[in-house]
Protein chains: 2
Amino acid sequence: MDIANSTVSMAEWNSLIEGHMNDDEPITNLQDGGGGTYDAVFLGGGAAGRFGAAYMKAMGGRPLIIDRWPFLGGTCPHQACVPHHLFSESAALLDRQRWFSDELFFPPFDESRASILDLVNLFRDGRVTAHAFMNWQTKEQLEVEYVVNAPGRALDPHTVEAAGQTFDTRTVVIGLGAHQKPLAVPGYDLPRVFDWATLVEDLDYEPRRCVIVGGSKVAVEYGAFFQAAGCQTTILSRSPLLRTPNLHHVDEDIRRYVVDGMRERGVEIIEGAQLTEIKGSDGAERVIATGPDGETLEFETDFVFNGTGEAPNSAESKKWLGVATGDNDEILVDASMRTSVEDVYAIGDIIGAPMEMFKARKCGMTAARNIMGEPIEFDFSEYPDFLHTTYEMSWVGLSEEEARAAYDHVVVIQMPPKSVDHDDIPLPCAEGTMLYAFAKPGLSGFQKCVIDGESRRILGCHHVGYGAKDAFQYLDYLIHRPEGLTIDEMGQMNELFLNPEHFIQLSRLRGGRKDLVDL
Amino acid sequence: MDIANSTVSMAEWNSLIEGHMNDDEPITNLQDGGGGTYDAVFLGGGAAGRFGAAYMKAMGGRPLIIDRWPFLGGTCPHQACVPHHLFSESAALLDRQRWFSDELFFPPFDESRASILDLVNLFRDGRVTAHAFMNWQTKEQLEVEYVVNAPGRALDPHTVEAAGQTFDTRTVVIGLGAHQKPLAVPGYDLPRVFDWATLVEDLDYEPRRCVIVGGSKVAVEYGAFFQAAGCQTTILSRSPLLRTPNLHHVDEDIRRYVVDGMRERGVEIIEGAQLTEIKGSDGAERVIATGPDGETLEFETDFVFNGTGEAPNSAESKKWLGVATGDNDEILVDASMRTSVEDVYAIGDIIGAPMEMFKARKCGMTAARNIMGEPIEFDFSEYPDFLHTTYEMSWVGLSEEEARAAYDHVVVIQMPPKSVDHDDIPLPCAEGTMLYAFAKPGLSGFQKCVIDGESRRILGCHHVGYGAKDAFQYLDYLIHRPEGLTIDEMGQMNELFLNPEHFIQLSRLRGGRKDLVDL
């Protein structure tokens, strides 16, 4: 189906995508029928490919995106970030409804209304609208050519085949994403062993107990959600929760606050546990693991959630083009996103960790600029990070422990202060934690700012609560710019009171001192 | 009562403050019994005085705070910002409960649970904890001397009297705040004519309808809360809502989104109305006004809320010290916070608009630094701003209209895009708007970034939704620094996806273009 010369409205895209979810008719938006030579063919129209192509087009180049799904945007709006955000917002609301059951304007909590399935269905029914927007925006606003609902195949670095035709191109940019690695135990392939992708595709019953395997973001995020949505959750983690190699800079006080909070809400967390087998006749029903002391653990369950690591989708590219890959199947690239094969670039999750949106998009932009003759490198070793429990947890820069290892005179400003019991103090409070602060102070969050007392520079910021995540994007920029950000500059800023993270005001309370001390 | 040599815990402060709310026994925390000479006596221990004194102490100076209440912190935690935040958070939650009544995990909305009085009581019962923290922190962490529960009186610029003793000082710093101006109509002094201060002190019944007078922040914020809490609300405003002289940079699209949203939620808004009289036998029962076409309007009501402007508490200072004041009774100061009288400074709301927390605190810090011999000026003509409806609305820099008046080539990036119906598009979405995005897209907020196409600098950012307010503190710093912030720098930042304001990612989609265009 050729839409190059039509204006397709949002509503029309909705039905067009719905209609093609289960067929293989390509939808093409091509200039000159795809003739001529492209500057790049982006294999995969997820975040990396879409943003890379958009940037290249904006620079005056000619990109083409090819995606196997009938929509652009990739797994994020289809299975990953967007449902996760919907579920985490629901978890936060359910959590508040539980704590305030039959208090104030909250009715008695009705357990029968808590449902994972309802929210999965809400997501499934609504996700096409986000897909429609991606297709609409990419065509109408960004003016990028694409072929969707058709897998692409690189014949060589200058020829790509899709939808029954071949496209000539100066370069190929691979952005085919990653997938959940299966669990390496017997029973890994039973029905009712879900991951973030299959959960939203396959769940068709209401689970009331589950076992999650993993100890990092996905395990914590989905665990908090399942528990809040009425599903008794057990997390089996080899490492202490959130102390996995792929997460850096997690402050121990912050970690403890969120992990303790999950336990307080009923999540069973077993650290030092090793999954050994999943059993069941029609699907996962029983989980066997080895406990921290070598004991055998058994759990009845309604499903198993695989929250362990992901692996890049690099097999086809390796076969087609011979690109070199690393230990976790990631395509190896330099800081300009060049692979081992000339004129072949790789971007996004397929080049390995961190598998985060900012990296995917900026990889795409970096590849586009290099292909268009604007040499540029992208260093993603430092970045702000976040995860959800029933709170938002955001962090950037060094943890207190990391700072103390690297600096002689570390100063910490935190809320609540170290010397005060949180249950005695309604702080921190601001948007999202006001009711907690007044009725259940210990639930009102936690925050910490880590400072080098010598240079007075802010080394790290850490927050648990609501409403601060967005700010960490700018804190990342400020503390990582060459001149950094001092406590004095922070204290000179104009806060919006009550502000979810109290960093500006607290900096001002200490900033007058030549010899900085904790607060 | 002398506490200088005791450590008073948070719990002890709670009962100490409760016990002294209705007596006039001073509580003193003085070194050397208050002997010697202070660098400054801060009259008023609200935000301005407390932060000024803390900064002076941190610099090595000797400040003394005197406050008539038995606690520090002033009106903010007692009657103003803190209850407002508690009410606005509740309004947002109530609003969501109403929209999702009997959907998903939300039970049928129970109107009988919606209660202004319950929330006022929650605040009244809990506010002492915030007070306790202020007293505790100021003594134990900030080591500032104070006299509370005793009014101070300046005999001259170097002598202040309080609690039956006199204190010698190099300077006096006046930070006595502001008060709501009474309505200038007959019936202004009836019972049940409330303002933000008297509402939390005096409300003792459940109102079911109300009339608000005013068209700026306070009127909009309390109006949104009252309506969400089950009180049918009418707002009488002379100007169009949020088009009052004390609010600058409010973008018209944003204004329309929130005002239309309030109307959609049932708030009756009458612009161009002029209050003429409040009538009633036992208290306010009936409101008479002139409508926009000169017609007479009458309303039955359970209370009247005065949401018009405030006036500085400058009368005593003028009498005592002869400081010069302006048209609205504000104490006139220069950019160093010096009044017309040598060695007398004034800070915070008492120097006039904007009566915002950042200004109060930074005024205090500015006075402290100047008094301590570090000359510094404070320009508060530009700053980020926010208000609540059932959303958070945040803005900084120029509105689109202001930008178009000042620049030839203005580019606008907004969500949803101008050409798409909001009901067709689940954007913007992120923390706080996920459920809306999936179930009721039109309610998912609105955002806009205004850019100068020539310099590529960001001129203004505007957001309605949740979770972006904190970020605007840093956006303010970035766009107002001398070099500003370009769309290219914005597009190079590391976003935390899904981010409540989509400015970084949207900048990146356009940043590749030499000739910037709208998105």
Could you give every pair whose Cβ atoms fall below 6 Å, whose first residue belongs to region B:89-112 and is touching a residue at least 40 places away in the same chain (Cβ under 8 Å), and whose second residue is surrounded by 22 or more Cβ atoms within 10 Å (Cβ to Cβ) and hydroxyl-bearing (Ser, Thr, Tyr), counting only separations of at least 6 or pairs across chains?
B:ALA91/B:THR390; B:ALA92/B:THR390; B:ASP95/B:THR390
Residue among A:ARG243, A:ARG265 that is of a type in the set (Lys, Arg) and either farther than 25 Å from A:ILE350 by Cα or free of Cβ contacts under 8 Å to residues at least 24 places away in the same chain (or both)
A:ARG265
Condition set within 12 Å of chain B (Cβ to nearest Cβ) and touching a strand residue (DSSP E or B) at 6+ places or on another chain (Cβ under 7 Å), scope region A:75-90, selection modelled with the highest pLDDT: answer is A:SER88
May I ask you to verify whether A:MET355 is surrounded by fewer than 23 Cβ atoms within 10 Å (Cβ to Cβ) and either at pLDDT 95 or above or of a type outside the set (A, V, I, L, M) (or both)?
yes
So, in region A:455-506, how many residues would count as being within 22 Å of A:GLY442 (Cα to Cα) and among the hydrophobic types (A, V, I, L, M, F, W, C)?
7
Would you check if B:ARG361 is assigned to a helix (DSSP H, G or I) and touching a strand residue (DSSP E or B) at 6+ places or on another chain (Cβ under 7 Å)?
no
May I ask you to list the residues in region A:449-467 that are in a strand (DSSP E or B), in contact with a Gly (Cβ under 8 Å, 6 or more places away or on another chain) and away from chain B (no Cβ under 14 Å)?
A:VAL450, A:ARG457, A:LEU459, A:GLY460
Residue count, region A:57-91 (criterion: assigned to a loop (DSSP other than H, G, I, E, B) and either closer than 17 Å to B:PRO426 by Cα or of a type in the set (Gly, Ala, Ser) (or both))
7
Where residues in region B:64-77 are in contact (Cβ under 8 Å) with a residue 60 or more places away in the chain and not hydrophobic (A, V, I, L, M, F, W, C), which of them is surrounded by the most Cβ atoms within 10 Å (Cβ to Cβ)?
B:ASP67
Filter result for B:LEU475 (touching a strand residue (DSSP E or B) at 6+ places or on another chain (Cβ under 9 Å), within 23 Å of A:GLU489 (Cβ to Cβ) and not in a loop (DSSP other than H, G, I, E, B))
yes
Residues being farther than 29 Å from B:LEU93 by Cα and within 11 Å of chain A (Cβ to nearest Cβ) - total across region B:387-402
0
Starting from residues that are of a type in the set (Gly, Ala, Ser) and not in a helix (DSSP H, G or I), keep the ones in region A:371-411 and report whichever is farthest from A:ALA353 (Cα to Cα).
A:GLY373
Scan of region A:472-497 for residues that are at the interface with chain B (Cβ under 10 Å from one of its Cβ atoms), touching a residue at least 60 places away in the same chain (Cβ under 8 Å) and aliphatic (A, V, I, L, M), ordered by number:
A:LEU475
Whichever residue in region B:202-238 is assigned to a loop (DSSP other than H, G, I, E, B) and of a type in the set (Ser, Thr, Tyr) and, among such residues, is nearest to B:ARG286 (Cα to Cα)
B:TYR205
Selection from region B:415-443 of residues within 7 Å of chain A (Cβ to nearest Cβ), among the hydrophobic types (A, V, I, L, M, F, W, C), under 18 Å from B:MET393 (Cα atoms) and in a loop (DSSP other than H, G, I, E, B) yields B:LEU427, B:ALA430
Of all residues in region A:1-13, which are at pLDDT 95 or above and under 29 Å from the mean Cα position of the chain (by Cα)?
A:TRP13
Go through region A:468-514 and give me each residue that's under 28 Å from the mean Cα position of the chain (by Cα), basic (Lys, Arg) and either closer than 16 Å to B:ASP385 by Cα or buried (at least 24 other Cβ atoms within 10 Å of the Cβ) (or both).
A:LYS469
Just to be sure before I move on: is A:TYR205 of a type in the set (Phe, Trp, Tyr), surrounded by 24 or more Cβ atoms within 10 Å (Cβ to Cβ) and touching a residue at least 24 places away in the same chain (Cβ under 8 Å) in the structure I sent?
no
Considering region B:369-386, residues that are under 23 Å from the mean Cα position of the chain (by Cα) and within 9 Å of chain A (Cβ to nearest Cβ), and then whichever is surrounded by the most Cβ atoms within 10 Å (Cβ to Cβ), we arrive at B:PRO384
Assuming B:TYR257 fulfils every condition listed in (1) closer than 29 Å to B:HIS463 by Cβ; (2) within 23 Å of the chain's Cα centre (by Cα); (3) assigned to a loop (DSSP other than H, G, I, E, B) apart from one, which condition is it?
(3)
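The values are calculated or read from the model by the stated rules, or taken from the named source; none is laboratory data. Note that the structure is a prediction, hence the values are computed from the model and not measured. Because the Cβ atoms are built from the backbone with ideal geometry, glycine has one as well, and the counts that use them run over all protein chains shown.
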